Amino acid sequence: ASYTEEKAKQFFTELVERGEKYNESDSKIAEILKSADKSAKEFEQKFEELIKDMIGKLNLATKDDIEALKKEIEELKNRE
């Protein structure tokens, strides 16, 4: 009975230690995922800025420019 009790305590201690290791791993994984998400968002913002800059340099019409022209055409049509 004493031997069984000792083995049960040892087994329980091992389970607790494994649980702590898993919690540490989960925490590290969560940190990595958070960092990756932040990096992806930063990349997306930089990419959008680059594209807008390129469109500006190429002197291309943007969606907003086209919408403004459509609105202006509609206003002119309504004056007639």
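The values are calculated or read from the model by the stated rules, or taken from the named source; none is laboratory data. All of these numbers come straight from a predicted model, not from anything done at the bench. Here the Cβ positions follow ideal geometry from the backbone for every residue, glycine too, while neighbour counts run over all protein chains shown. SASA here: full protein model, heavy atoms, side chains in, ligands and nucleic acids out. Shrake-Rupley method; radii C 1.70, N 1.55, O 1.52, S 1.80 Å.
Would you say Leu50 is open to solvent by 100 Å² or more (accessible area, probe 1.4 Å), free of Cβ contacts under 8 Å to residues at least 40 places away in the same chain and of a type in the set (A, V, I, L, M, F, W, C)? It is false that Leu50 is open to solvent by 100 Å² or more (accessible area, probe 1.4 Å), free of Cβ contacts under 8 Å to residues at least 40 places away in the same chain and of a type in the set (A, V, I, L, M, F, W, C). Tallying residues that are open to solvent by 100 Å² or more (accessible area, probe 1.4 Å) and either in contact with a Ser or Thr (Cβ under 8 Å, 6 or more places away or on another chain) or modelled with pLDDT of 85 or more (or both) within the stretch 29-43 yields 3.
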